[in-house]
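Here's the structure, in structure tokens; my notes come after.
Rule-based calculations on the coordinates, nothing more; no lab input. Treat the numbers as computed from the prediction; the structure is a model and nothing was measured. Note that we place each Cβ from the backbone using ideal geometry, even for glycine, and neighbour counts take in every protein chain shown.
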Amino acid sequence: MPEIEEDILERIDALALNITENRQKGLLVLYYPEEDGEVVIDDISDIDDELRRCFGASKVDEIDILIHTNGGSPDAAYRIVQHIRSIANNVYILVPFHAYSAGTLICFGTDKILLGTFAALSPIDIKLKTENDNSDEIEENDNDDEIELIAIDKYIEFVKYCKKIIEDAGMKTNLEDALLVEMVKQIGAINIGSFFRERELTKYYAEILLSDYMLKDIPDKEKIIDYIIEMMVFKFPSHEFEIDYNIAKRLKLVVENMPIDLSDKTKSLIKLLEEAMENGLICRYMGNRYRLPFFRLYNIREE
Amino acid sequence: MEEINKRLTEKIQDNIYKNRLEKIKLRGGKSREELIKKANTKII
């Protein structure tokens, strides 16, 4: 391996260990490439390997997770954070840039979210890729076969709005039939069914994580959890909607801004990981459309 | 503090790659998600 490339990995380790030393707790780095990286069920066993390598069979009092992801499977996100919770009593999550979607769901299972400067979470609305048997062959326009559930909700609102306008003008209409048939034709009845099923599951996961971890000691937590889920799963306008510190605080999530020094260090770490990826040192492709994540647990030395 | 081990990070990432390859091989080239979906369609 050329020396300059090897140096990137050393710089990653040195910076991560520096963060570990400053925070005085282990740091589990979960970095998912922005292009073709996603949270999947297979991640759990690799994360478990790392936890066992450092902690063996013992539990630890606290741990930091540093996460960078555009999202992925809600089932995987739920199980990853539950697994980490089975090993660490207190879990803090550092988000230097963003933890979208399934990443936000992982945040719900921690005790506190620490956001870097201008870092963001996102709604955990469902976005499904429609089935395509030749998916590996499609390299371009691959967003064309993705649909957000919120888009369906908004379309249904639009149908109701159209009907109301016509009826308010004193006319009768069955316009909604044609519009809804067109939607089912475009998306597929089975896909619509699985959208709603996935959303119910995600809602269920979010309830469990918020109730058992992030908001476990908050009196009257049920009301707050209902509000958070209503906003995060049903109400926010788009999957790409950015939930910054101020919105997260309004939602009553347990969130803090990182001190500037920590924010800078965690952002630098993500940039180094991106550099290492661009140099082909980490996050190899498996197939055409899936890229491996980078996982590594940096531990403090036992006294 | 844990000592910097030059090769460890590289080794961990290699292991992740090997683990995934092994799993994919065992599943006949499919992801776990694909197999779960396939199995679910057969439930009666």
Between A:Ser268, A:Ser101, A:Ser45, find the one with the highest GNM mean-square fluctuation for chain A; connect C-alpha pairs within less than 10 Å. A:Ser45
Over chain A, what is the mean sequence separation of C-alpha contacts under 8 Å (at least six apart), divided by residue count, expressed as relative contact order in percent? 29 percent
Test of understanding: in a Gaussian network model of chain A with alpha carbons linked when under 10 Å, which of A:Phe108, A:Phe158, A:Phe196 would top the mean-square fluctuation ranking? A:Phe158
What base-10 log of the normalised intensity I(q)/I(0) is obtained for region A:149-259 from the Debye formula, alpha carbons as equal point scatterers, at q = 0.17, 0.22 Å⁻¹? -0.92, -1.19
Could you work out the local net charge near A:Glu167, counting Lys and Arg as +1, Asp and Glu as -1, over the other residues with Cβ closer than 13 Å to its Cβ? +2
Quick one: order A:Cys283, A:Cys54, A:Cys107, A:Cys162 by neighbouring beta-carbon count within 10 Å, fewest to most. A:Cys162, A:Cys54, A:Cys283, A:Cys107
Sequence of A:Glu182, B:Glu10 once ranked by neighbouring C-beta atoms within 10 Å, starting from the fewest: A:Glu182, B:Glu10
Region A:27-83-region A:109-123 distance, computed between alpha-carbon centres (Å): 16 Å
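Could you sort out which of A:Lys235/A:Lys265; A:Lys265/B:Lys23; A:Lys25/A:Lys265; A:Lys160/A:Lys235 sit more than 24 Å apart by Cα distance in this structure?
Details: A:Lys235/A:Lys265 34 Å; A:Lys265/B:Lys23 35 Å; A:Lys25/A:Lys265 16 Å; A:Lys160/A:Lys235 17 Å.
Violating the 24 Å Cα-Cα cut-off are A:Lys235/A:Lys265; A:Lys265/B:Lys23.
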If r is the Cβ-Cβ distance from A:Phe196 to A:Arg11 and R0 is 45 Å, what FRET efficiency results, to the nearest 0.05? 0.45
What residue among A:Ile19, A:Ile65, A:Ile166 has the largest mean-square fluctuation in a Gaussian network model of chain A, using Cα springs under 10 Å? A:Ile166
Show me the ranking of peptides A:251-262, A:66-77 by mean Cβ neighbours inside 10 Å, starting with the highest. A:66-77, A:251-262
What's the exposure ranking of A:Thr20, A:Thr117, A:Thr266, going from fewest to most Cβ atoms within 10 Å? A:Thr117, A:Thr20, A:Thr266
So for region A:1-123, what are the equivalent ellipsoid semi-axes in whole Å, largest first, each being the square root of 5 times an eigenvalue of the Cα gyration tensor? 21, 19, 16
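To one decimal place, what orientation-averaged projected area in nm² is obtained for the convex hull of the Cα set of region A:1-61?
6.1 nm²
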If you look at just the Cα atoms of chain A, how large are its Rg and its Dmax in Å? 21.4, 80
Counting Lys and Arg as +1 and Asp and Glu as -1 over every other residue whose Cβ sits under 12 Å from the Cβ of A:His83, the net charge comes to -2
Per-residue average of Cβ from other chains inside 10 Å of B:10-19: 6
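How many Cβ atoms of partner chains, on average, are near each residue of A:67-77 if near means within 10 Å of its Cβ?
If you average over the peptide's residues, the count of other-chain Cβ atoms is 1.
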